[in-house]
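So the structure is just underneath, and the comments pick up after that.
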Amino acid sequence: MLVPGRELLQYAVERRCAVGSFNTYNLEITRAILRAAEAKGEPVFLAVGRGPLMSAGFSPLASAMLAAARDASVPVAVHLDHSPDVATVQRCIEAGFTSVMIDGSQRPFADNVALVREAVQSAGGVTVEAELGFVPGDEDRSGAHDTGIPMTDPDQAGRFGPETGVDSLAIAIGNAHGFYNGEPHLDFDRLALLAGRSTVPLVLHGASGISDDDLRRCIELGVRKINVNTEIRYALFGALQESLAQGIAGYDVTKLFDAAIEAMQRTVEEKIEVFAGAR
Ligand code: 13P
């Protein structure tokens, strides 16, 4: 069932767990994510970035995500990930998205606040996420990233919720999109400070490549939404390469993605177990 993002944040706050946000690009990935959520009986954010939405064709992909969410037996919020502009936020809300992210994290604090306030005002009550500090890396292409990028300032995090009216806040604590060079080193002391100051639930982006133990620690310290993308794409490419190498009889497209969907579903289920289990 399609639900407001705020409902899922509330669910996570009450249970002291995190709800997973998983990025899709097409029907097959959407299917894997929602099958995993249904198998685990847990809610999820079904997320899509602005780039993939536009390259797939806005209406076909948005409509498919919304239809799949409505059909699901678990609560699903359809979420716009990392929009740099309010126009895309508005377009997604008009289409029926129940959660959006406006990303002004590369702007100075005051500009970020102004952009997020504008997005919140135009969202008409739809759940809005923003980012403070900068999570490096490309959301759609994996490279390995070093950290060392400006992290979220706890004082600014404390002001951000009241000054913008935002529903949740993505933070930078040494996390990055895509796989990491070696072990990621998250700044848990900073996370504890951020959780103490922020008036809204915290979001961790860039979960691919972060160990389950570190993810559990983030949840214990107050992260309530965790974003995963690269590990799903990694599972997709690996399984697809194997399927293609083995050959699919009769060029049967209906069988082509079976193994890949199963592999992606397993990946998402493993994440959901970690996110939901750390209660
Ligand atoms: P990863 O690709 O590192 O899992 O990050 C996903 C993400 O944060 C999407 O916004």
Q: Could you check LEU236 against (1) more than 17 Å from the chain's Cα centre (by Cα); (2) within 14 Å of the ligand (Cβ to nearest atom); (3) under 18 Å from PRO136 (Cβ atoms); (4) part of a helix (DSSP H, G or I) and say which number it fails?
A: (3)
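Quick check on my filter: what residues within segment 199-223 are open to solvent by 20 Å² or more (accessible area, probe 1.4 Å) and either out of contact with any strand residue (DSSP E or B) (no Cβ under 9 Å at 6 or more places or on another chain) or not hydrophobic (A, V, I, L, M, F, W, C) (or both)?
We begin by selecting, within segment 199-223, every residue open to solvent by 20 Å² or more (accessible area, probe 1.4 Å); these are 199-201, 209, 211-214, 216-217, 220-221.
The answer is THR199, PRO201, GLY209, SER211, ASP212, ASP213, ASP214, ARG216, ARG217, GLU220.
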Q. With (1) in contact (Cβ under 8 Å) with a residue 40 or more places away in the chain; (2) in contact with a helix residue (DSSP H, G or I) (Cβ under 6 Å, 6 or more places away or on another chain); (3) surrounded by 20 or more Cβ atoms within 10 Å (Cβ to Cβ) as the list, and SER83 as the residue in question, which single condition is left unmet?
A. (1)
**Q.** Subset of segment 168-217 (residues that are in contact with a Ser or Thr (Cβ under 8 Å, 6 or more places away or on another chain) and away from the ligand (no atom under 16 Å from the Cβ))
**A.** ARG190, LEU194, VAL200
Q. Right, LEU202: more than 26 Å from ARG31 (Cα to Cα) and within 15 Å of the chain's Cα centre (by Cα) or not?
A. yes
Q: Could you tell me whether any residue of segment 243-252 is away from the ligand (no atom under 16 Å from the Cβ), closer than 30 Å to ALA123 by Cα and of a type in the set (D, E, K, R)?
A: no
Q) Just wondering, is there one or more residues in segment 52-62 that are in contact (Cβ under 8 Å) with a residue 40 or more places away in the chain and either away from the ligand (no atom under 16 Å from the Cβ) or closer than 24 Å to VAL274 by Cα (or both)? A) no
(Q) With the requirement that a residue be within 26 Å of ARG159 (Cα to Cα), among the β-branched types (Val, Ile, Thr) and within 13 Å of the ligand (Cβ to nearest atom), what does segment 218-233 give you? (A) VAL223, ILE226
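The values are calculated or read from the model by the stated rules, or taken from the named source; none is laboratory data. Small disclaimer: the values here were computed from a predicted structure and weren't measured. Counting neighbours? That spans all protein chains shown, and the Cβs are built from the backbone with ideal geometry, glycine included. In case anyone asks, the SASA skips ligands and DNA or RNA and just uses the protein heavy atoms, side chains included. Shrake-Rupley method; radii C 1.70, N 1.55, O 1.52, S 1.80 Å.
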